[in-house]
Amino acid sequence: MPAPPDADFVVLTSRLSPRRDGGYAVAVASRLRLLRSIGVVRPLLLTFDVGGADQHAEDNRQAFRDPHADVEIRNLFEEILHDSSWLYDEAREGRADPDASYREIRDGAGRGVISLPVIDDAAWHLAETPVVVPGGDGHRIIAGFRELYRTWLTRVVAQLRSRAGDDHRCIVVICESKQVGELIADWADPDVRIVHTVHNSHLVAPCEPSSSLRDDGWRRWLALLDHFDAVIWPTASQQTDVTERFGALEGSVVIPTPITPDPRPRSHGGRGRDVLMVNRLVDQKRVDTAVASWPLVLQRVPDAHLHIYGDGPLRGQLQELIDDRGLTGSVHLHGYSDRVREAMAISAAFLCTSAFEGQNLAIGEALSSGLPVVAFDVCYGPRDYVGTGGILVSPGDVDGVASALASLLLDDTARAEMSVRALEQSRRLSPEAVGETFARLLEDVVARPARRRTSAADQAVLPAA
């Protein structure tokens, strides 16, 4: 693999929390490991959440699973708590919005270091409601989260260039969050390159190419595509749909999140009658559909068990559904766990009932563990990567899910053959296969001039399709 280009590499994410964000957090951590694998020395991760240092440390431990991961990690609010003088120097005279509510963040001595406006709106990050920075000469203000984030990013970039002894050193910013991407899309520094990743479907179910966009955030972000130096799509089908609908984009590339194979040995076809699900307990994952299918599975496979790993706001409702249907003996909610790969090694099949996806990392992990997959044929991810390593079912088809699972659980030979094919399918997701494409993209991005970026006021907005 060629050496990485001569540049510094920064990954931006709003937060990094596997318990709260599931596959998104795993994908961000995988991106950093991928940078390390292609030869980048200590890539820098920047986060913007206001959690405490202890919570950040725990989130990082869960995400990287390696206390010695060679990644530099910085958080905006931890740095403000440590020393807010740099932000005060950049702020200007002004006062808080008297009609806004504020959340004051205090340091260990109880001193207020910054007050953040509390904005009850999905586009809170775009509001210019003043952020208040107290100091010795009185309060000063920053014009909203855009200016707050950009002030810190400009400071970090200047520090990286100072460390390198090069005022024009190229900085490659890999943005993992659409909200942060909106805030930096007009960053006109000619030596900064912005590579933006995609993590989920931009369409509402049933996710046909002409379906409505999921929300205004996606509409705003898609209008900014030509402001980024490259956009990484997790699947070819999503890239194709966006290109056909909104036009071709220079620098658009398909690079899935890599999946590291499980080194544990596995007997092809798994053991017992255990079916595994791994996902957040949210509407998108439609775990209620899986529970609805389970009595039909039990009719044919009475000793089958469904093990569901993951947590989320629907856990209580799902447990009530399981109890009401008399399934407590065979459907088990395990909550968040960092031992999912161990469960995959001993399960017989993997189930995904999502209404839509971006890539679905758990499916990739299942395939790389030789675990046959049963999934709804939704965009995007299952139809791109399952292939012959599983069975795709029409979205919402409860009978189809039950039939596919029962056929796998009852036929050891067919399950073993599909296990071998699952491993074959997973090779497209290996770090080695993905790393080659990723390295070429970064080389190309650094070699080309940065794209022209207009001011935020000039940015177009896609029609409400």
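What follows is calculated from the coordinates using simple rules that are stated; it is not laboratory data. In this text the structure is predicted, and so the values were computed from the model without any measurement. We place every Cβ from the backbone using ideal geometry, glycine too, and count neighbours over all the protein chains shown.
Check residue 347: other-chain or 5+ apart residues with amide H under 5 Å from its amide H, H built from backbone geometry?
When sequence neighbours closer than 5 places are left aside, the close amide H contacts are 271.
Ordered by residue, what ³J(HN,Hα) values in Hz, to whole numbers, does the range 73-86 give under the Karplus form 6.51 cos²θ - 1.76 cosθ + 1.60, where θ = phi - 60° and Gly and Pro are x?
10, 10, 10, 3, 6, 5, 6, 5, 4, 6, 6, 9, 5, 5
Per the helix-only calculation at 222 nm, which mean residue ellipticity applies to the chain, given -39500 (n - 2.57) for every DSSP H run of n ≥ 4 and division by its residues, nearest 500 deg cm²/dmol?
Calculated from helices alone, the mean residue ellipticity at 222 nm is -11500 deg cm²/dmol.
Amide H neighbours of residue 254 under 5 Å, counting only residues 5+ apart in sequence or on other chains, H built in-plane at 1.01 Å?
Distant-sequence amide H within range of residue 254: 233.
For the range 302-312, just list the computed ³J(HN,Hα) in residue order, Karplus coefficients 6.51, -1.76 and 1.60, θ = phi - 60°, integers in Hz, with x standing in for Gly and Pro.
In residue order, the calculated couplings are x, 9, 6, 9, 10, 10, 10, 9, x, 10, x Hz.
Scanning the chain for helices, which whole DSSP H stretches are 24 Å or more long along the axis (Cα) and average -0.5 or more by Kyte-Doolittle?
For the chain, where a helix must reach 24 Å along its axis and average at least -0.5, the hits are 144-164.
Quick one: 365, 104, 147, fewest Cβ neighbours within 10 Å first, how do they rank?
Lowest count first: 104, 147, 365.
Between the DSSP loop rule and a limit of at most 12 other Cβ atoms within 10 Å, which trypsin sites (Lys or Arg not before Pro) in the range 90-150 are left?
Loop-located and lightly packed - 95, 111.
Looking at the square roots a ≥ b ≥ c of the eigenvalues of the Cα gyration tensor of the chain, which shape do they give, rounded for a/c under 1.5, prolate if a/b is larger than b/c, or oblate?
It comes out prolate by the Cα gyration axes.
Mind sorting 253, 172 by how few other Cβ atoms lie within 10 Å of their own Cβ, fewest first?
Sorted ascending by nearby Cβ count, the order is 253, 172.
Using the crude model of +1 on Lys and Arg Cβ and -1 on Asp and Glu Cβ, and no other charge, please compute the dipole size for the chain relative to its Cα centre, in debye to 20.
Computed charge dipole of the chain: roughly 740 debye.
Which listed residue (110, 261, 30) has the Cα farthest towards the positive end of the charge dipole for the chain, taking +1 on Lys and Arg C-beta and -1 on Asp and Glu C-beta about the Cα centre?
After comparing all options, I get 261.
Just going by the charge dipole of the chain, with Lys and Arg at +1 and Asp and Glu at -1 on Cβ, which of 91, 408, 194 is farthest out on the positive end?
It is 408.
Could you tell me how far the Cα centroid of the range 35-107 sits from the Cα centroid of the range 176-244, in Å?
After rounding, the separation between the Cα centres reads 24 Å.
At 0.36 nm per residue, and after removing the present C-alpha to C-alpha distance, how many nm does the segment from residue 154 to residue 3 gain when stretched out fully?
Stretched fully, the residue 154-residue 3 segment lengthens by 51.7 nm.
Can you sort 154, 413 from fewest to most other Cβ atoms within 10 Å of each residue's own Cβ?
413, 154
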